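A short write-up of the structure that comes next.
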Amino acid sequence: MTPAPLSEAFLSASRILQRIWCNGLTSVFPYLPLRGFCDVPPKTQKMVRVLNVAEKNDAAKNIAEILSRGHLTRREGFSKYNKIYEFDHNLNGNNVKMVMTSVSGHLLNYAFSGAYKKWEGCNPLDLFSAPVFKVCPEDSEPIKRTLEREARSASKLIIWTDCDREGENIGFEIIQVCQAVKPSLQVQRAKFSEITFRSIQRALETLTRPDENLNNAVNVRSELDLRIGAAFTRFQTLRLKKIFPETLADTILSYGSCQFPTLGFIIERFKAIENFIPEQFWKLKVTHNRDDIVTEFTWQRKRLFHKRACEALFDVCQENPEACITKVTTKPKSKWRPQPLDTVELEKLGSRKLRMNVKEVMKVAEKLYTNGFISYPRTETNIFPQELELAPLVEMQTADPNWGGFAAGVLERGPNPRQGKKTDQAHPPIHPTKYTSSLSGAEKAVYDLVVRHFLACLSDDARGMETVVDMVMAGEGFHANGLVILERNYLEVYPYENWSGKVIAHYEQGQTFQPTTLEMVSGETSAPPYLTEADLIALMEKHGIGTDATHAEHIEKIKQRNYAGLENNHFLPGKIGLGLVEGYDDMGFQMSKPNLRAELESDLKEICEGTKDPQDVLRQQIEQYRSIFEEAMPQALKIDAAMGKYLEEMPQALPQDVTIPDMPQFINVCKCPACGSDMVLRERQTGGFFISCQGFPHCRVAVWFPSDVKGVTVLQDTCTQCCGSPKKLEFKLRPNTYVWSLRNPCITCIGGCDEELYDLLQFKSLKNCLPPNTGGQVRSGAVGEPRLDNTRGRPVHSRGRSGHGTGEGRQWPDNGGGRPGPGSGGGRPGPGGGGGRPGPGSGGGRPGPGSGRGRPGPGRGRSRTSGCADINNYFTNLPPSTNSQQRTNSDSLRGSWPNSTSSQSQASGTSRGTSSFNSTQRSSGYGSSWSTSGSSRHMDQENKIVCSCNKEAILLTARNGPNTGRPFYRCADFQNSCNLFLWADDDNSMRRERDKDTGRGRNQTVQSSSRATRPMQSNGDEEVLCQCGNPAKRLTVVKDTPNKGRQFYICSKDRGQECRFFQWADEPSSDSDRRQGGTAEGNWNGGRMSSSGWSEEKRGVKRGHTQSQQSSTKRKCGLCGGFGHDRRNCPQKES
C-alpha cells in the first residue's frame, strides 16, 4: 500500500473520532462554543413550558400583560370566552415558555348519578346516602379540553385563582383535570391580593403549595348543600304541586340550608310588625328661649306609660315652675373615622348609600378588581398588614380634582389607618390599586366609594366640643345637649356620613330661670321597620349564615323563588315563603333559624384551620339533617295546611300512606360493593326479576334471576354472614322446574353465602357480579347479566386463565374423585384438582385453563364448602343417612353432566382471562375450558343440546330466506341421516330437546332382579329401590294439599337423570312392584307427582301409549317431510 492512501485513511478516521467526541461534548455542555474546533453544531435545548391558569379570562389577560410587559401572543382555545396567552419569562433563573389561560369559575360540580339524578327516580331520603361524583358541566367541557391539551405539553402548573376558599377549590379542580392526563405535572400556587406589577411579581417569586384544608372545607359544604337541598327540594316540590295543582303545578320549591335562615330573618321581622300592638305613652317637655336661641330640655324619665302618673308630675311642675341649673359639663367629642373596608361593609354601604342591589355591587367590584383598579373585593380583613405600603397608594390619588387635595394632606401628615379586629390571613382590606378617571355609571360609583373610604380611614377623626346642661324643676331632672364642630377632618372626603352641630344657650351652674314652655305630650310606640338588604346582610353576618362571598347569592335566590321580594327597598315575604316556614315551624323544627347553619359554618372554619376532620363534619351534618327529614315526612300534612292558608286554595287529598306521590317504591336490598349506591329489586318489562344498582348507568352491577323464579320478596331479616349484611330474599318458584325436594318458596340472600343454592337456582351471587376492580371505574358492560357465548348461544359468566377450582368427588385418600391421585377434586390420578384425566386442570372434563368442569387445567381444586348455610336446609325432611347417602343427596342437588360416569365429579371455581370453548373445535392443554363457576356449570348443563344419536349439536346461522341471520342447532353428523333441527331462539323447543336428552322423554329400561329389596334399615323399614336399582329418597309433601305431611319415595339421582319412580311410603307395594322399582304400570305409568301432591301422567308420553311406543315413533315435519322438527320450527317456513 502506498503512503498516500494510508494518510487519507488516517484523516478519515480522525474526522470520525473528532465528530463522535464533539457530539459527546455538546451533549454534556450544550452551550460550550466549539466552532472552529469541530464542524458539529451544538444541540439546542427545548424550552420548558409552564401552564398558568387563572379564575377568569380578564384576570389571565391582565396577569399575562404584567408578566410579559406587554410582549405576548394570543391564540384561541376550545372555549371562545377563555383565550390563551403565551410569552417568554425567566422563572427562578430559567427561561421558560409561559402559557396563561383561565376557567370560568368552578370547573367541576358535585352531582348524583343514575336513578338518583331523576326527580322521581328514587326516594328523596336515599339522597342522604347516595354516592356523589364531581362532573364537568356541559358548558365547561371546552375549557376542560383546553386544559387537557395544554397540560400534556407542560412540565409545571401554576394556579392563579382567587386566594379564598372557593378559589382554592377551583384550583384543585384544575389540578384534578390536568393531572388526569399528565400525573407527573408539578403544581404550585401563586398567592396575591391585587393584580398589580408588584403583587404579581411577588406572587411568582414566592410560589407555595395549594392549601388542601380550604379545598376540603368547600367540598364538605358543596356536598352537604347538594344532598340537603336536593332531598328537601324534591320532597316539597313533588308533594305540594300535587296538593295545590292550580298554583304550584309548574313551581320549583327549592330548599337550602342558607336560603331558609335568610328567609327566616325576613319573616321574623314581618311577623313582628304584623303582631305589633302600639302602646301610648306620655312625657314632659320643657323649652327655654334666650338670646334668640331655643334650648330644649329632655326629661330624665324619658316617658311614662301611665297617664295619671304623668299628669301628677306635670301638676307638681306647674305649681313650682322655677328651673335651676345644677351642672354644666363641656368635653371634647369625636366622630370616629371608618375602619378599613371589608366585603360585608362594602355590601352594606353599596345598598344604603349607593342604592344599588347587593349582587350588582359585588359584580361591579369584581370587574374593577380584574381590571386592576381595586384589590380583591372578597375579604373578611379590616386590618392593613404592616408590609403593605400605603403612601404610594395615596400618592396615586393626588391627581384627582375631587379628593386630590385631601389625599395630599393625608400624605403630608402620614397615613394613619384606624385598624379593625378581623383578618382572614389571606387578603388585605379593599383599597384602590390604580388611579383612573375614565369610569362612569355604577363602576364610577363603586370606585369612588372605595377610594373615599380608603382616604377617610387613613385620615383623622372629626373633632368637636359637646356641652351638657343638667336642670332640676320641682324635683324632676332635665338635660340639654349642645355640640360645636371644631375639625371635620375625614368628613371632608366622606359624604356618606354627616355630623352636624347643635347650638344651645350659654348657662352657668346655679343659674335659675322660668321655662318658656312646660307641657305634657303624648305619643305611641312604633313597630320596627322592615329589613333592608343592608340590615339582612348584617343579620346574616352576625349569625354566621353564609360567607362574605355568598351573602348576595342567598339573597338573590330567595327573590328568584318568590319567597320574598323588595318593595321600596324593604323586604316583604311572599305567600310561598310564609307557608313553607310556618309549616316547618309547626312541625317543631327550627329550619328557618340560623342555629344549624351557623354550626356548620363554625365547623368549616375549623376545617380550614386543620383542627377538624372534614369527614367527621360531613357525617355528623348528614345524620342531623337526615333525622330531621325522617321526622318531617310523617308530618307533611302540616305543610299542606300552612300553604293552604296563604295560597287560599283547598289542598287536594292524597292517600294516607303516600307522602310523596308518583314515587317509585323500590325496596333496598343492600349497598352496591362497587359504588356504594343502593341495590334495589326491580321487575323486567318482559317478566322476571333482577336486582340492579341505583347508580346505573355509571355503575352496571346487577344480579339477574332466571325466568323460572315466579316472585321475589325482600324480607326485613338480614344475612349476618355476608359482607354488608344484605337483606334476605324469598323466592317463589314455578312448579315442576326444580327438584321436588326444594322448598318453595325458599329463602336466601345474594351476598354469596349459599353458592350451592345459587347453582341450583341458576343465578350468580352479588360478589360474582362485580367488575374486576371494584375500587375503580365500573366497566360499561352490564355486570352480572348473562351474556351469550358466540359459538353456542348459552350463558357464559366467566372465561379465562387458570384459577382456583373447587373439586368434588367420592372420598379417596388423596381427596380426589375417581381413582387415587394427588388432585383435590374428582378425577383420575394427576395434578388436577377435579375429575378427569391426568393433568393440571382443576375440574373434570376437557383440558383448559378454566377452573370448572373440564379436562386437565393448571388450576388447583378445593373442597366445596363455600356456603355458610347447610344446603340441606332448603329441602324437606331429608332422611338421616350415612355419609355416602348424604353425598348422594348433595350430588343430586348439583346435577351432573349427561352420560358421565360415577367416577367423574364436579369442580367449580373462579377463572380469569378470555378463553372460551368452541363447539366446532375443541382445544387442549391451556387453550380453553368448559365452564367456570358452579352457576355457569349448571346453566351449561341446561343449555347443552344433544341430538337423538347422542352427539352434541352445533350452532349454525341461516344465510338466506326469510330467517336470514337466525341461529339454529343441527347435529354434527347431519349428513348421515340425523335430522335434528332447533331454532336457537325458540325456548320451548330447546327445553323439550334438553328434556329428551336428559331422559325425560327417553325410554327408561326397568331393571329386573330376583330380589329388588335391600336388608332392613335401622328403623325397621325395608329400603326401597327405584327403577334404576338405587336406594330411593324419602321425602315429605309440604304444600297445602290433601296429601300434606305424607311421605313418598322418588329416585335419588340428579335432576335430569332421575327415573320416573314414585311410591307413597304408607302404601304397601307388592314384590313385583318392588322388583320393577315402583307401583303398577296402570297406576303410575311413568308419571310423577304434581305440585299439588297428586300424580299426573309423564310429560312427553301420549295417553294410551307406552314409553317404548312413544320413543320408537319419529316426528315428521308436515312442511318439508324432514325428521327432528315440526312445521312450526321448519327452516323452510315462510316467516
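The values are calculated or read from the model by the stated rules, or taken from the named source; none is laboratory data. All figures in this text were calculated on a predicted structure; none of them were measured in a lab. For neighbour counting, all protein chains shown are included, and Cβ atoms are generated from backbone atoms with ideal geometry for every residue, glycine included. What goes into the accessible areas is simple: the full protein's heavy atoms, side chains included, and nothing from ligands, DNA or RNA. Shrake-Rupley method; radii C 1.70, N 1.55, O 1.52, S 1.80 Å.
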Give just the number: which of (1) assigned to a loop (DSSP other than H, G, I, E, B); (2) among the polar types (S, T, N, Q); (3) farther than 19 Å from A54 by Cα does Q397 not satisfy?
-> (1)
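Sort out which residues of the stretch 693-709 are in contact with a Phe, Trp or Tyr (Cβ under 8 Å, 6 or more places away or on another chain), open to solvent by 10 Å² or more (accessible area, probe 1.4 Å) and either closer than 16 Å to G751 by Cβ or not charged (D, E, K, R) (or both), and write them in order of number.
Passing the criteria: H698, W704, P706.
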Take A480 and decide whether it is part of a helix (DSSP H, G or I) and of a type in the set (G, A, S).
-> no
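Given the structure, is R234 open to solvent by 10 Å² or more (accessible area, probe 1.4 Å), in a helix (DSSP H, G or I), closer than 21 Å to N562 by Cα and touching a Leu at 6+ places or on another chain (Cβ under 8 Å)?
yes
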Here the residues within the stretch 429-448 that are touching a Pro at 6+ places or on another chain (Cβ under 6 Å) and over 15 Å from G350 (Cα atoms) are P429
Residues satisfying the stated conditions in the stretch 571-608, i.e. β-branched (V, I, T) and in contact with a helix residue (DSSP H, G or I) (Cβ under 6 Å, 6 or more places away or on another chain) = V581, I607
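Go over the candidates L770, L788, L760 one by one and state the one that is of a type in the set (A, V, I, L, M, F, W, C), open to solvent by 30 Å² or more (accessible area, probe 1.4 Å) and modelled with pLDDT of 75 or more.
Exactly one residue qualifies, and that residue is L770.
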Do you know which residues across the stretch 717-742 are touching a strand residue (DSSP E or B) at 6+ places or on another chain (Cβ under 7 Å) and farther than 30 Å from R1046 by Cβ?
-> D717, T718, C719, G724, S725, P726, K727
Can we say P417 is touching a residue at least 24 places away in the same chain (Cβ under 8 Å) and touching a strand residue (DSSP E or B) at 6+ places or on another chain (Cβ under 7 Å)?
-> no
Please specify each residue of the stretch 452-475 satisfying the condition of being outside any strand (DSSP E or B), open to solvent by 10 Å² or more (accessible area, probe 1.4 Å) and within 30 Å of E345 (Cα to Cα).
-> R452, D460, D461
Considering (1) open to solvent by less than 50 Å² (accessible area, probe 1.4 Å); (2) not in a helix (DSSP H, G or I), say which one E380 fails and leave the rest.
-> (1)
Restricting attention to the stretch 202-219, which residues are open to solvent by 10 Å² or more (accessible area, probe 1.4 Å) and part of a helix (DSSP H, G or I)?
-> R202, E205, E212, N213, L214, N215, N216, N219
What are the residues in the stretch 402-428 that are surrounded by 13 or more Cβ atoms within 10 Å (Cβ to Cβ), charged (D, E, K, R) and under 14 Å from C457 (Cα atoms), if any?
-> R418
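Of all residues in the stretch 143-154, which are farther than 14 Å from M100 by Cα and surrounded by fewer than 20 Cβ atoms within 10 Å (Cβ to Cβ)?
R145, R152
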Taking I667 as the residue in question, decide whether it is touching a strand residue (DSSP E or B) at 6+ places or on another chain (Cβ under 9 Å) and open to solvent by 70 Å² or more (accessible area, probe 1.4 Å).
-> yes
In the set Y81, Y85, the lone residue that is open to solvent by less than 40 Å² (accessible area, probe 1.4 Å) and within 28 Å of A203 (Cα to Cα) is Y85
Looking at S184, S199, S222, S193, which one is part of a loop (DSSP other than H, G, I, E, B) and under 27 Å from T370 (Cβ atoms)?
-> S193
Can we say K348 is surrounded by 13 or more Cβ atoms within 10 Å (Cβ to Cβ), of a type outside the set (A, V, I, L, M) and on the phi < 0 side of the Ramachandran plot?
-> yes
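Would you mind stating whether Y369 is part of a helix (DSSP H, G or I) and either of a type outside the set (G, A, S) or without any contact (Cβ under 8 Å) to a residue 24 or more places away in the chain (or both)?
Here the answer is yes, as Y369 does meet what is asked.
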Criterion violated by A309 - all others in (1) surrounded by fewer than 11 Cβ atoms within 10 Å (Cβ to Cβ); (2) out of contact with any Asp or Glu (no Cβ under 7 Å at 6 or more places or on another chain) satisfied | (1)
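Residue-wise test of (1) open to solvent by 30 Å² or more (accessible area, probe 1.4 Å); (2) closer than 27 Å to L346 by Cβ; (3) without any contact (Cβ under 8 Å) to a residue 24 or more places away in the chain; (4) among the hydroxyl-bearing types (S, T, Y).
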{"residue": "E541", "(1), (2), (3), (4)": "yes, yes, no, no"}
{"residue": "H551", "(1), (2), (3), (4)": "no, yes, no, no"}
{"residue": "R561", "(1), (2), (3), (4)": "yes, yes, no, no"}
{"residue": "G565", "(1), (2), (3), (4)": "no, yes, yes, no"}
{"residue": "P573", "(1), (2), (3), (4)": "no, yes, no, no"}
{"residue": "M587", "(1), (2), (3), (4)": "no, no, no, no"}
Run L637 past the list (1) open to solvent by less than 30 Å² (accessible area, probe 1.4 Å); (2) of a type in the set (A, V, I, L, M, F, W, C); (3) more than 27 Å from the chain's Cα centre (by Cα) and report the number of the one that doesn't hold.
-> (1)
Filter pass, Y435 being open to solvent by 50 Å² or more (accessible area, probe 1.4 Å), within 22 Å of P340 (Cβ to Cβ) and of a type in the set (F, W, Y) | yes
Of the candidates E319, E296, the one satisfying the condition of being acidic (D, E) and open to solvent by 100 Å² or more (accessible area, probe 1.4 Å) is E319
From V99, V48, residue being within 18 Å of A151 (Cβ to Cβ), at pLDDT 85 or above, open to solvent by 10 Å² or more (accessible area, probe 1.4 Å) and of a type outside the set (D, E, K, R) = V48
For the stretch 122-142, enumerate the residues that are open to solvent by less than 10 Å² (accessible area, probe 1.4 Å) and assigned to a loop (DSSP other than H, G, I, E, B).
-> C122, A130
Residues of the stretch 324-343 that turn out to be assigned to a helix (DSSP H, G or I) and open to solvent by 10 Å² or more (accessible area, probe 1.4 Å), as a count = 0
Check on E395, closer than 19 Å to I195 by Cα, open to solvent by 40 Å² or more (accessible area, probe 1.4 Å) and in contact with a Leu (Cβ under 8 Å, 6 or more places away or on another chain) = yes
